[in-house]
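Right, one structure below, let's go through it.
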Amino acid sequence: MTLFLLTFFLIYGGIHLYVFLKAKAAFAFGIHTGIYVALVMIIMVFAPIIVRFSERAGFEFFARLMSYVGYTWMGILFLFVSASLVIDFYRFMIYSGEFILKKDFPHITVSNNHAFFVPLVFSILISTYGYFEAKNIRTETLIVRSPKIPVEIGRLKVVQISDVHLGLIVGEERLKRILNEVKKANPDIMVSTGDLVDGQIDNLSELAESFKEINPRYGKFAITGNHEFYAGLDDALNFTERAGFKILRGERLTLAGLINIAGVDDPQGKAYGNSKDVPENELLSGLPAEKFTLLLKHRPLVDKSALGLFDLQLSGHIHKGQIFPFSLITGLYYPTQAGFAYLPNGSRLYVSRGSGTWGPPIRFLSPPEVTIIELVHKNMSSGKK
């Protein structure tokens, strides 16, 4: 964790230095203005730490205010830097052309002012749009056919929520939107694939009651994500249980003799010494092979030794990058960032974009979702594929 925080603040601090230099080049401000700008940026760099300490000290209003300001700033900053780097690359190409050809191209050169204000306007406009996109909960429907689903039951409807991140930013209003979509689906099974909570959860007890309005026929199941450990595992598990979920931590069961379900802990628990680290192939091989097996796993990484032992893995974690173009970075590590993928040996994977937001209350080209998975017999007719 110490290494992660050090790396984060070095990178985040470096980004702020880059933006500071861009602003100085555009405005040519003096030393006094520079000091004020630097102080504001230093506060923004440490805003996530300020938020956490304020939460723990019980200063909820200040923590919520700093959370909105600090994380919105983070989102705008990311978009600003992304656009600035594109312009900087363009300026570098023009400069290189001028140097090689020994000729100036004043009509296509971008000034320092334009190099600052164009990304600024772009980032503000996209962030404004992204704020509303983050609240626009969509439903994604996936139909999975398998001979392991009994013909006599017709179909089993599983509804997945993931990465809700209940806390200072995602609260009652957003949760209501999410759960309204779940209620409309009228699921047989409801699952939460990690990161249900975020940060301190002392004041979220009322939100747990909201989940009790949903009572699927075969139950509600949840697994840990990395943020359950960040928030404090005992409190996070207590909240999840009060919300009516059965938490699967390296556990498996067969529901009403119809379908297998298993869940594993997020590997972040190892850093806290709280992980129930059960090998997936060992966990899954103990289930009836003739029944459809649903595996809940927060991170969309596939254990090759478990291929063929599960029929569908449901995951989340990535938010599809949450704010494009961050998805270009996450895509380097996760082959499937969102949506459905076929795997070897008859296994499948579905990765949710997530239902809430982490950090910036912004999404861009990655709308939040509630996923409806319909499990039907292989030969059962359906209008959807």
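The values are calculated or read from the model by the stated rules, or taken from the named source; none is laboratory data. Note that the structure is a prediction, hence the values are computed from the model and not measured. As a convention, Cβ positions derive from the backbone with ideal geometry for all residues, glycine included, and neighbour counts pool all protein chains shown. The accessibility values were calculated without ligands, DNA or RNA, using every heavy atom of the protein model including side chains. Shrake-Rupley method; radii C 1.70, N 1.55, O 1.52, S 1.80 Å.
Below are the figures for this structure:
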read-out	value
Unit charges on C-beta of K, R, D, E only; dipole of region 300-380, Debye	120
Segment Ser205-Arg155, length gained on full extension (0.36 nm per residue, minus Cα span)	14.6 nm
Where the Cα pairs of the chain fall when distances are cut into 20 Å bins, in %	26, 51, 20, 3
Mean Cβ neighbour count within 10 Å, used as a protection proxy, ranking 164-176, 290-302, 349-361, 59-71 highest first	349-361, 290-302, 164-176, 59-71
Region 226-385 - percent of accessible surface contributed by carbon and sulfur, probe 1.4 Å	52
Lys/Arg +1, Asp/Glu -1 at C-beta; region 187-248 dipole; positive extreme among Tyr230, Thr240, Val197	Thr240
Rounded if a/c under 1.5, otherwise prolate or oblate - region 59-146, Cα gyration tensor axes	oblate
Dipole of the chain, positive direction: furthest Cα of Thr293, Val164, Phe61, with charges on the beta-carbon	Thr293
Cα-Cα over 30 Å, subset of Lys135/Lys304; Lys220/Lys378; Lys176/Lys320; Lys22/Lys176	Lys135/Lys304; Lys22/Lys176
Relative contact order for the chain, counting Cα pairs under 8 Å that sit 6 or more residues apart, in percent	20
At R0 = 41 Å, FRET efficiency that the Cβ-Cβ distance of Phe99 and Ile43 yields, to 0.05	0.55
Charge dipole magnitude, Cβ of K and R +1, D and E -1 - the chain, Cα centre, debye nearest 20	940
Positive-end residue of Asn136, Asn112, Ile178, charge dipole of region 28-180 with Cβ unit charges	Ile178
Three-way shape call for region 295-385 based on the alpha-carbon gyration tensor, with the a/c threshold at 1.5	oblate
Per residue accessible area of the chain, 1.4 Å probe, in Å²	48
Mean Cα-pair separation over length for region 139-259, i.e. relative contact order, pairs under 8 Å, 6 or more apart, %	25
Rounded tilt (10° steps) of 112-133 against the dominant C-alpha axis of the chain	20
Mean Cβ neighbour count within 10 Å, used as a protection proxy, ranking 141-148, 215-222 highest first	215-222, 141-148
Cα-based helix-to-principal-axis angle, 47-56 vs the chain, degrees rounded to 10	50
Whole-number percent relative contact order across region 253-385, with pairs defined as alpha carbons under 8 Å at least 6 apart	19
Cα gyration tensor shape for region 231-385, rounded if a/c is under 1.5, else prolate or oblate	oblate
Order by protection proxy (mean Cβ within 10 Å, highest first), peptides 331-341, 188-198	188-198, 331-341
Max mean-square fluctuation residue, GNM over the chain, Cα-Cα springs under 10 Å, options Ser210, Ser84, Ser305	Ser305
Between 0 and 90°, nearest 10: helix 233-242 axis offset from the chain longest Cα axis	50
